[in-house]
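One structure below.
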Amino acid sequence: MTETIQIALKTLEAQLNQPLETALEACARCGLCAEACHYYRAEPKVEHIPAYRAEQLRSVYRHEHDMLSRLFPVWTGAKQLDEPMLANLTEIAFSQCTLCRRCTVNCPLGVDTPLMMRAIRAMATASGTAPEILVMLADAAIEKGKDPSFYKEMFLEQIKEMEEQLRDITGDPTATIPVEKQGAKILYVPLAGAHTILPPAVVFNAAKEDWTLSIFEASNYGVFLADVNRAKQVAKRIVDEANRLGVKEIVIAECGHAYASYRWDVPNWFAGEFNFKVRSLIEVLAEYIQDGKIKVDPTAIPEAVTYHDSCNLARNGGLIEEPRYVLKNVVSDFREMTPNKAEALCCGGGGGLVALAEYADRRIAAGKPKADQIQKTGARVVVAACENCRLQIGDINEHYNLNVKITAITDLVVRAMRLPKPLPEQEAEVLFDDEKVTVA
Amino acid sequence: MTLLILSQLLALAGLLAGVYGITIRYAETKTRALPADKSPIKGNISHGIAYAFTTGMMPWAKESTRIHAIAYLRGIGFHVGIFTALGALLISPFWGMLPSLLSSMLIWVLTLGAFLGAAGGILRIVEHNLRGLSLPDDHFAVWLMTIWMAAAALALWNAGVLIPFYILSAITLAYIPLGKIRHCLYFFFSRAFFGKFFGRRAVFPHPEVVK
């Protein structure tokens with residue numbers, strides 16, 4: 001047995017807790033999970049059935065843990081893990097599963113297949129066989145956290161320029177984008193790019209919120225690697241920043257995996273040191289509208305709009321009604337996809353897939369069911385509250401000629417606020433070849 | 001000692017072996033870590049668990065069971081038959097005292113269970129996906145249960161089949177902790193974890209209000 005295999009098996013053992021053992025043991029191989037998976041819907045073959053994918057790990061587990069399997073391995077499909085098997089498992093976990101948990105919801109026994117896929121990802125990461133780009137991105141984020149001064153000056157300069165834009169858009173000369181504001185109530189954590197800073201800044205200023213912008217971005221590639229150690233180090237940057245500034249709340253940009261990890265995982269990784277409320281920007285928007293802190297025009301967006309539920313936000317995060325509440329306040333023609341909410345189809349971009357160029361064809365193919373869903377609504381605008389979903393829907397939009405515009409919730413809210421000037425990307429916006437949408 | 005008593009003792013031994021094996025499995029799983037979740041609760045864990053074992057099991061609760069309602073109901077009927085066979089085995093010394101209506105009902109439930117089991121067994125052979133997913137253990141388990149239910153129905157109808165029924169019971173019950181049939185234990189773990197996870201996050205059951 002090579003060292004790689006030893007490490008992989010050791011990692012499996014280390015993860016073997018009650019929920020994982022249950023997932024490995026409970027499956028009755030009834031196959032009812034097949035259509036739950038977007039990979040299977042796009043290309044119906046046995047290899048795309050979630051139970052089949054999970055079975056590849058179960059065969060390894062049985063070889064290590066089951067008496068009958070040790071005596072009669074053929075009887076239960078038990079196999080000794082070797083290098084080609086590990087490579088196959090790695091490919092399955094990183095390229096054929098977006099960890100969306102739709103199979104779990106559809107399984108009569110509730111088998112948590114994504115938990116097993118995460119276990120494989122952890123095995124691959126520990127044994128050095130995980131996709132390099134994800135490892136590099138996670139490590140780069142960790143390095144950035146160790147010495148933020150390296151890029152901070154440039155970041156602050158960019159924020160200053162953005163502040164000018166903000167004042168121009170809002171017509172408010174006092175509008176600010178505070179950074180490292182001691183004692184602020186909210187620490188807003190954006191993603192890389194002005195598009196996740198400027199629109200929320202418009203909203204925060206309009207709501208007269210006591211907020212400050214994080215100097216770090218919310219995304220966490222350690223989560224995709226299922227490497228708790230790396231994921232924890234990436235998250236620590238923001239936890240330390242929140243502690244240093246003494247904020248009460250961390251608000252995460254429109255990002256599925258970042259919200260799910262900060263809302264549901266980080267409190268466990270930093271038990272005792274983490275006493276912040278974590279909310280998604282969507283929840284904050286819903287609150288502002290509900291409390292009348294921002295005024296929005298429900299007729300401002302006349303186009304037919306549909307909403308894509310990010311798996312991390314809806315099925316895995318419980319953010320189901322909040323985005324709908326916001327959208328119904330800013331959109332006059334809102335159309336649901338079918339199925340939606342906790343039963344929504346994954347777009348195919350989750351689990352870090354959009355970062356893995358080598359699997360792009362597979363990802364686009366698996367996005368076909370979502371493309372069909374979008375087309376059926378007849379909507380011209382698709383809203384997604386997750387950056388990876390937006391990237392994926394953008395790709396399937398192009399590939400399947402959907403002719404839709406993809407946008408974030410905050411962008412629509414800002415449009416509905418009817419400000420003196422539009423956001424840069426909304427300026428004299430031509431949504432489609434055949435129509436020009438007037439921005440207030 | 002008559003052959004009947006010997007077969008009854010064999011069935012009892014099978015039952016004890018099955019219970020012992022499942023207990024060992026349960027104890028082993030319980031010794032594994034159960035990560036404590038310290039994230040603030042959004043929904044309600046106990047409601048989630050209650051949902052997982054009740055409403056969440058209804059054929060209309062999931063897309064998969066709506067699409068494959070017949071397959072799901074076949075599975076439900078099959079499992080009802082299995083638990084009926086187990087119950088029938090436990091009360092077998094008192095079969096003579098059963099009202100004939102109850103006895104007939106048991107025979108029908110067991111026959112239906114066996115029929116549905118056989119259908120499942122055949123599907124595992126002829127249906128492409130199921131064939132691809134199935135291991136020898138799966139084929140053996142479904143036919144073992146099917147034959148056991150059929151034997152129970154026959155034994156209730158004709159006492160001459162009691163000895164084969166007891167022998168089959170011994171094999172079936174002793175096999176439970178060894179092969180895939182032990183999912184009967186993990187079903188409870190799995191649905192409970194499902195309820196905890198989704199209940200905590202207010203996904204199932206899902207309150208349609210903005211908090």
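The values are calculated or read from the model by the stated rules, or taken from the named source; none is laboratory data. Computed from a prediction, not measured in an experiment: that's the story for all the values here. A quick note on method: Cβ atoms are made from the backbone with ideal geometry, for glycine too, and the neighbour counts reach across all protein chains shown.
If you filter the stretch A:66-95 down to residues that are buried (at least 22 other Cβ atoms within 10 Å of the Cβ) and not in a helix (DSSP H, G or I), you find that the one that is nearest to the other protein chains (Cβ to nearest Cβ) is A:A78.
Scanning the stretch B:104-132 for residues that are of a type in the set (G, A, S) and surrounded by fewer than 15 Cβ atoms within 10 Å (Cβ to Cβ) yields a count of 1. Looking at A:A360, is it in contact (Cβ under 8 Å) with a residue 60 or more places away in the chain, away from chain B (no Cβ under 14 Å) and more than 26 Å from B:G56 (Cβ to Cβ)? In short, no. Quick one: A:M117 ticks every box in (1) assigned by TED's automatic domain parsing to the domain that holds A:C37; (2) part of a helix (DSSP H, G or I); (3) more than 18 Å from the chain's Cα centre (by Cα) except a single one, so which number is it? Every listed condition holds for A:M117 apart from (3).
Answer yes or no: is there a residue in the stretch B:183-192 that is surrounded by 23 or more Cβ atoms within 10 Å (Cβ to Cβ), more than 7 Å from chain A (Cβ to nearest Cβ), in a helix (DSSP H, G or I) and touching a residue at least 24 places away in the same chain (Cβ under 8 Å). No, the stretch B:183-192 contains no residue that is surrounded by 23 or more Cβ atoms within 10 Å (Cβ to Cβ), more than 7 Å from chain A (Cβ to nearest Cβ), in a helix (DSSP H, G or I) and touching a residue at least 24 places away in the same chain (Cβ under 8 Å). Within the stretch B:35-46, residues that are at pLDDT 95 or above have Cβ atoms under 6 Å from residues that are of a type in the set (A, V, I, L, M) and assigned to a loop (DSSP other than H, G, I, E, B) in these pairs: B:K42/B:A202; B:G43/B:A202, counting only partners at least 6 apart in sequence or on another chain.
In this structure, does A:E303 turn out to be more than 11 Å from chain B (Cβ to nearest Cβ) and surrounded by fewer than 24 Cβ atoms within 10 Å (Cβ to Cβ)?
So A:E303 fits the description; yes.
Note on the stretch A:13-40: among residues that are within 7 Å of chain B (Cβ to nearest Cβ) and of a type in the set (S, T, N, Q), the one that is farthest from B:I70 (Cα to Cα) is A:N17. Criterion applied to A:E358, A:E273, A:E343 was being of a type in the set (D, E), outside the structural domain of A:N397 (by TED's automatic domain parsing) and surrounded by fewer than 24 Cβ atoms within 10 Å (Cβ to Cβ), and the one residue passing it is A:E273. The condition (being within 23 Å of B:H68 (Cβ to Cβ) and within 19 Å of the chain's Cα centre (by Cα)) is satisfied by just one residue among B:W143, B:W148: B:W143.
Scan the stretch A:16-44 for residues that are buried (at least 20 other Cβ atoms within 10 Å of the Cβ) and of a type in the set (S, T, N, Q) and the total you get is 1. Of the residues making up the stretch B:15-55, those that are within 9 Å of chain A (Cβ to nearest Cβ) and part of a loop (DSSP other than H, G, I, E, B) number 11. Of the helices (runs of 4 or more DSSP H) entirely within the stretch A:332-429, those holding at least 2 residues that are over 30 Å from A:R167 (Cα atoms) occupy A:360-366, A:368-377, A:387-399. Screening the stretch A:173-283 for helices (runs of 4 or more DSSP H) wholly inside it with 1 or more residues that are in contact (Cβ under 8 Å) with a residue 40 or more places away in the chain and more than 21 Å from B:K42 (Cβ to Cβ) returns the ranges A:198-206, A:221-224, A:228-245. Of the residues making up the stretch A:123-140, just one is surrounded by fewer than 18 Cβ atoms within 10 Å (Cβ to Cβ) and part of a loop (DSSP other than H, G, I, E, B), namely A:G128. A:D333 meets each of the listed conditions (1) over 27 Å from A:A235 (Cβ atoms); (2) in the same structural domain as A:L187 (by TED's automatic domain parsing) apart from (2). Scanning the stretch A:147-196 for residues being loosely packed, with under 15 Cβ neighbours inside 10 Å and touching a Cys at 6+ places or on another chain (Cβ under 6 Å) gives a total of 0.
State whether the residues of the stretch A:365-383 include one that is farther than 17 Å from A:A260 by Cβ, out of contact with any Asp or Glu (no Cβ under 9 Å at 6 or more places or on another chain), of a type in the set (K, R) and at pLDDT 95 or above. Before you say what the answer is, go through the steps one by one.
From the stretch A:365-383, those farther than 17 Å from A:A260 by Cβ are A:365-383; that's our starting set.
Going one step further and asking which of them are out of contact with any Asp or Glu (no Cβ under 9 Å at 6 or more places or on another chain), we end up with A:369-376, A:378, A:382.
Still in the running and of a type in the set (K, R): A:370, A:376.
The next check asks that each one be at pLDDT 95 or above; those that pass are A:370, A:376.
Looking through the stretch A:365-383, at least one residue is farther than 17 Å from A:A260 by Cβ, out of contact with any Asp or Glu (no Cβ under 9 Å at 6 or more places or on another chain), of a type in the set (K, R) and at pLDDT 95 or above.
The test for being outside any helix (DSSP H, G or I) and more than 7 Å from every other protein chain (Cβ to nearest Cβ) does not hold for A:C103.
All conditions but one from (1) assigned to a helix (DSSP H, G or I); (2) more than 11 Å from chain B (Cβ to nearest Cβ) apply to A:R62; the one that does not is (2).
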